[in-house]
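Chemist: This is the structure I want to talk about, given as structure tokens.
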Amino acid sequence: MRALAGIRVVEFALFAAGPLVGKHLAEHGAEVIRVESQTSPDGFRVHYPPFKDDRPGLERGGSYALFNDQVLGITLNLKQPRAVVLAKQLVSHCDIVIENLAPGVMERLGVGYPALREVKPDVIILSSCNQGQSGRRAAQRGFGSQLTSMSGFTHLTGYDESEGPMLLYGPYVDFVAAGFGFIAVLAALDYRRRTGKGQHIDLSQYEAGIQFLTPAILDAQLNQRLHQRNANHDERAAPHGVYPCKGTDQWCAIAVFGDEEWTAFTRAAEKPEWAADSRFRSHESRKEHEDQLDETIGTWTRALDVDALVARLQAGGVRAGKVQSVGDLFSCPQLAHRKQWVPLDHAEFGTYEHEAPPFILSETPAEMRRSCPQLGEHNDYVFEKILGLSRDEIRHLEDDGVIA
């Protein structure tokens, strides 16, 4: 049996922070039903590239495909009263509801926590929004880049204080929040198993992001020391950076902590003159002359093949790794061994690689069974098999714009 077999989930969620939780639940056996509508499809379907062959379309969004495999898809126009009735009926057959709409939207639609508890007293609802369900800024809308900035990441990302901060790539905090949401839902399931009671999970994506800055937060709180932008440098390591290698856009990341690791590095590099150089003899002197150190190492690495260099340094006990491009990930032998990429068929994309979860349960491993759903693809199954509607009833509701 799969770990979450028998669990059913309804998802009123958009973009990444909510749907990724549903994806992870579905990977481990839960039946997850994604609710969209023709008038309000997920923004990743239509607004965000990449698109298949660079042509936008409802079923051509790459981000939507990446974050929504393993789930079922239905359409309900929740602005129609009969659609709200159907949504409540569906929740009555489910264990978990996931939503990441702005606070108050679910209530205005008639499917907030109090209303859903009436039809399913032990329901578990995950509400994942920008800044939580309460507080003076709860209603503020935004995306991951704003939350990354608010949480402190952007302030710490950049070259130095003479230049401005830099945004991290992508909606970083969305993915942090998805991990916490997944954990919180599992904790609520355990609580329900022991007590028979459901609960409402109020997840602030803003606060989730702060969790990943704990060392800097503790340093500020206990030592009154504020971390600043410092390029690729680290106060405890030198060298600490990425260095150019032979070829186009080939780089090696190297980190050396302390004098013992420095000795190991100079031996692996076969550079005794670096060990003898008074500028580099101690951690303190290496930090003092860090620009010269980086230039010296970069001049050396420029003539070397990155894979051979990484193997050489790692064999000598040095912390080193290749800076891989996204394309490199698909040919990475470690990821291939772990079966991280799973080919599945999609109606528009054809066969493409889907991302498996980053953990493997020894007794109940994840199963990757289906690609992302087309809009309304599973309407007949959900409304007929789960809610018991006839085919004629379903067609009438489609004609009336309810199942739409």
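Chemist: Among the residues of the stretch 60-76, count how many are in a strand (DSSP E or B) and within 14 Å of Phe349 (Cβ to Cβ).
Modeler: Of the stretch 60-76, the ones in a strand (DSSP E or B) are 61, 72-75.
Now drop any that are not within 14 Å of Phe349 (Cβ to Cβ), which leaves 61.
Looking only at that region, the number is 1.
Chemist: Ok, one more. In this structure, does Ser127 turn out to be within 21 Å of the chain's Cα centre (by Cα), surrounded by 17 or more Cβ atoms within 10 Å (Cβ to Cβ) and either outside any helix (DSSP H, G or I) or modelled with pLDDT of 95 or more (or both)?
Modeler: So Ser127 passes the test.
Chemist: Further question on the same structure: Identify all residues within the stretch 104-124 that are open to solvent by less than 30 Å² (accessible area, probe 1.4 Å) and touching a residue at least 12 places away in the same chain (Cβ under 8 Å); write none if there are none.
Modeler: Of everything in the stretch 104-124, those that are open to solvent by less than 30 Å² (accessible area, probe 1.4 Å) and touching a residue at least 12 places away in the same chain (Cβ under 8 Å) turn out to be Gly104, Met106, Gly110, Val111, Ala115, Leu116, Val123, Ile124.
Chemist: Just a yes or no: is a residue in the stretch 111-119 in a strand (DSSP E or B), in contact with a strand residue (DSSP E or B) (Cβ under 6 Å, 6 or more places away or on another chain) and among the hydroxyl-bearing types (Ser, Thr, Tyr)?
Modeler: Within the stretch 111-119 (the criterion being in a strand (DSSP E or B), in contact with a strand residue (DSSP E or B) (Cβ under 6 Å, 6 or more places away or on another chain) and among the hydroxyl-bearing types (Ser, Thr, Tyr)), the answer is no, since none of the residues qualifies.
Chemist: Still on this structure, please answer the following. Listed residues Arg8, Arg2, Arg55, Arg34; which is basic (Lys, Arg) and crowded, with 20+ Cβ neighbours inside 10 Å? Break it down stepwise before answering.
Modeler: Numbers: Arg8 fails: crowded, with 20+ Cβ neighbours inside 10 Å; Arg2 fails: crowded, with 20+ Cβ neighbours inside 10 Å; Arg55 fails: crowded, with 20+ Cβ neighbours inside 10 Å.
Exactly one of Arg8, Arg2, Arg55, Arg34 is basic (Lys, Arg) and crowded, with 20+ Cβ neighbours inside 10 Å, namely Arg34.
Chemist: Considering only the stretch 368-404, state which residues are part of a helix (DSSP H, G or I) and basic (Lys, Arg). Steps first, please.
Modeler: Looking only at the stretch 368-404, we keep the residues that are part of a helix (DSSP H, G or I), and these are 379-386, 391-399.
Of everything in the stretch 368-404, those that are part of a helix (DSSP H, G or I) and basic (Lys, Arg) turn out to be Lys385, Arg391, Arg395.
Chemist: Scan (1) open to solvent by 60 Å² or more (accessible area, probe 1.4 Å); (2) modelled with pLDDT of 95 or more; (3) within 16 Å of Ser151 (Cβ to Cβ) for the single condition Gly179 breaks and write down its number.
Modeler: For Gly179, the exception is condition (1).
Chemist: So, in the stretch 223-279, exactly how many residues are of a type in the set (Asp, Glu) and in a strand (DSSP E or B)?
Modeler: Total meeting the criteria: 1.
Chemist: While we're on this one: Open to solvent by less than 30 Å² (accessible area, probe 1.4 Å), farther than 27 Å from Ala187 by Cβ and in a helix (DSSP H, G or I): which single residue out of Arg45, Arg82 fits that description?
Modeler: Arg45 is the lone residue from the list that is open to solvent by less than 30 Å² (accessible area, probe 1.4 Å), farther than 27 Å from Ala187 by Cβ and in a helix (DSSP H, G or I).
Chemist: OK, next. Residue under question is Gly164, and the condition is that it be of a type in the set (Gly, Ala, Ser), farther than 25 Å from Pro358 by Cα and out of contact with any His (no Cβ under 7 Å at 6 or more places or on another chain); does it hold?
Modeler: Answer is yes for this residue.
Chemist: Determine, yes or no, whether Ala366 is modelled with pLDDT of 95 or more, touching a His at 6+ places or on another chain (Cβ under 9 Å) and open to solvent by less than 60 Å² (accessible area, probe 1.4 Å).
Modeler: yes
Chemist: Scan the stretch 323-366 for residues that are farther than 20 Å from Glu27 by Cα and β-branched (Val, Ile, Thr) and jot them down.
Modeler: Listed by number, the residues that qualify are Val323, Val326.
Chemist: Going through the stretch 134-154 one residue at a time, which ones are in contact (Cβ under 8 Å) with a residue 24 or more places away in the chain, open to solvent by less than 90 Å² (accessible area, probe 1.4 Å) and not aliphatic (A, V, I, L, M)?
Modeler: Correct list: Ser134, Gly144, Ser145, Thr148, Ser151, Gly152, Phe153.
Chemist: Can Gln146 be described as of a type outside the set (Ser, Thr, Tyr) and touching a strand residue (DSSP E or B) at 6+ places or on another chain (Cβ under 6 Å)?
Modeler: Considered against the rule, which asks whether it is of a type outside the set (Ser, Thr, Tyr) and touching a strand residue (DSSP E or B) at 6+ places or on another chain (Cβ under 6 Å), Gln146 comes out as no.
Chemist: Still on this structure, please answer the following. Could you list, in sequence order, all residues of the stretch 289-339 that are assigned to a helix (DSSP H, G or I), in contact (Cβ under 8 Å) with a residue 24 or more places away in the chain and surrounded by 11 or more Cβ atoms within 10 Å (Cβ to Cβ)?
Modeler: Answer for the stretch 289-339, where residues must be assigned to a helix (DSSP H, G or I), in contact (Cβ under 8 Å) with a residue 24 or more places away in the chain and surrounded by 11 or more Cβ atoms within 10 Å (Cβ to Cβ): Glu290, Leu293, Asp294, Ile297, Gly298, Trp300, Thr301, Val306, Leu309, Val310, Arg312, Leu313.
Chemist: Another question, if that's okay. So which of Ile74, Ile96 is in contact (Cβ under 8 Å) with a residue 24 or more places away in the chain, open to solvent by less than 10 Å² (accessible area, probe 1.4 Å), closer than 21 Å to Glu398 by Cβ and over 17 Å from the mean Cα position of the chain (by Cα)?
Modeler: Only one candidate qualifies: Ile74.
Chemist: While we're here: May I ask you to list pairs of residues, at least six apart or on different chains, whose Cβ atoms are under 7 Å apart, with the first in the stretch 357-378 being farther than 19 Å from Met1 by Cβ and the second being open to solvent by 30 Å² or more (accessible area, probe 1.4 Å) and among the charged types (D, E, K, R)?
Modeler: Ser371/Asp345; Gln374/Glu59
The values are calculated or read from the model by the stated rules, or taken from the named source; none is laboratory data. These numbers come from a predicted model, not from an experiment. Don't worry about glycine lacking a Cβ; one is built from the backbone with ideal geometry, like all the others, and counts go over all protein chains shown. With ligands, DNA and RNA removed, areas are computed over all heavy atoms of the protein, side chains included. Shrake-Rupley method; radii C 1.70, N 1.55, O 1.52, S 1.80 Å.
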